[in-house]
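Trainee: Pasting a structure here, questions to come.
The values are calculated or read from the model by the stated rules, or taken from the named source; none is laboratory data. Fair warning: this is a prediction, and the values are worked out from it, not measured in the lab. No Cβ is skipped: glycine too gets one built from the backbone with ideal geometry, and neighbour counts run over all protein chains shown.
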Amino acid sequence: MKYGNRNIGKGEIPMVKTADVVIIGGGAIGTSLLYHLTAKDVRNVVLLEKGLLCAGSTGDSAAIMRQHYSNEVSIRLVKKSLEIFQHFPEMFDGTEVLHNVGWYFLVPPEAADIFHDNMAQLKRLGVRTWEVSLEDAAEALPGLNMEGIGCVAHEPDSGYVDPHGMVSAFAAKAKSTGAQVYL
């Protein structure tokens, strides 16, 4: 089979000659872009992937969904991503991809000032997080050596995402509105 001649779900068909938008890469970003463009009524969209969907870094990742970042743009981006994942079943026929197990962020004592600045920014941006005592953290995380830990934050809404389920759902929904996916 020649590269580019297989369209997922349609068997062997020739690749289209033109497209309004061509996306390269079938991981989280590529399939999300494919879905969001088609959801905005952009048509004639093609995704090209040299292997299988979710076969690269997306499929290999731990897919951690957390909001504790120090950069405001990153915080806003992951906050929006979390909202999408929380509503994923409604948008994608019941497909659940977010495993909401919570997340703890631990820093050494010498990073306490930066930690508190970050916490203030996170709260200002509406992230549900709070500082927990070292004792409460040790109780919540049994077996963790608390030596060298100065501050701990907890994010109850964070967790991890099923990357394969997410990519498959994005691609399937986009294809249902006419997008083309070539492997």
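Trainee: For segment 70-116, give me each residue that is without any contact (Cβ under 8 Å) to a residue 40 or more places away in the chain and within 30 Å of G148 (Cβ to Cβ).
Mentor: N71, S74, V78, A112, D113, F115, H116
Trainee: Within 26 Å of K50 (Cβ to Cβ) and out of contact with any His (no Cβ under 6 Å at 6 or more places or on another chain): does that describe K123?
Mentor: It is false that K123 is within 26 Å of K50 (Cβ to Cβ) and out of contact with any His (no Cβ under 6 Å at 6 or more places or on another chain).
Trainee: Scan segment 126-183 residue by residue and report those that are farther than 22 Å from S57 by Cα, part of a strand (DSSP E or B) and among the small types (G, A, S).
Mentor: A153
Trainee: Restricting the search to segment 155-176, which residues are closer than 24 Å to I75 by Cα, buried (at least 19 other Cβ atoms within 10 Å of the Cβ) and not acidic (D, E)?
Mentor: Scanning segment 155-176 gives S158, V161, P163, M166, V167, F170.
Trainee: Another question, then. Can you give me the ranges of the helices (runs of 4 or more DSSP H) entirely in segment 22-87 with at least 2 residues that are of a type outside the set (S, T, Y), in the same structural domain as L122 (by TED's automatic domain parsing) and surrounded by 14 or more Cβ atoms within 10 Å (Cβ to Cβ)?
Mentor: 72-86
Trainee: When you scan segment 71-111, how many residues do you find that are of a type in the set (G, A, S) and in contact with a Leu (Cβ under 9 Å, 6 or more places away or on another chain)?
Mentor: Residues that pass the stated criteria total 0.
Trainee: Here's another thing I want to ask about it. Of the numbered conditions (1) under 30 Å from A174 (Cβ atoms); (2) within 17 Å of the chain's Cα centre (by Cα), G126 fails exactly one; give the number of that condition.
Mentor: Just one mismatch for G126, condition (2).
Trainee: Give segment 34-68 a look and list any residue that's free of Cβ contacts under 8 Å to residues at least 12 places away in the same chain and within 18 Å of the chain's Cα centre (by Cα), or say none. Walk me through it before giving the result.
Mentor: So in segment 34-68, the residues free of Cβ contacts under 8 Å to residues at least 12 places away in the same chain come out as 36, 40-41, 60.
Correct list: H36, D60.
Trainee: Moving on. If the requirement is being modelled with pLDDT of 95 or more, closer than 30 Å to G165 by Cα and in contact with a helix residue (DSSP H, G or I) (Cβ under 7 Å, 6 or more places away or on another chain), which of these qualifies: T95, T129?
Mentor: Residue meeting the stated conditions: T129.
Trainee: So, in segment 33-52, how many residues would count as being modelled with pLDDT of 95 or more and either aromatic (F, W, Y) or closer than 14 Å to H164 by Cβ (or both)?
Mentor: 1
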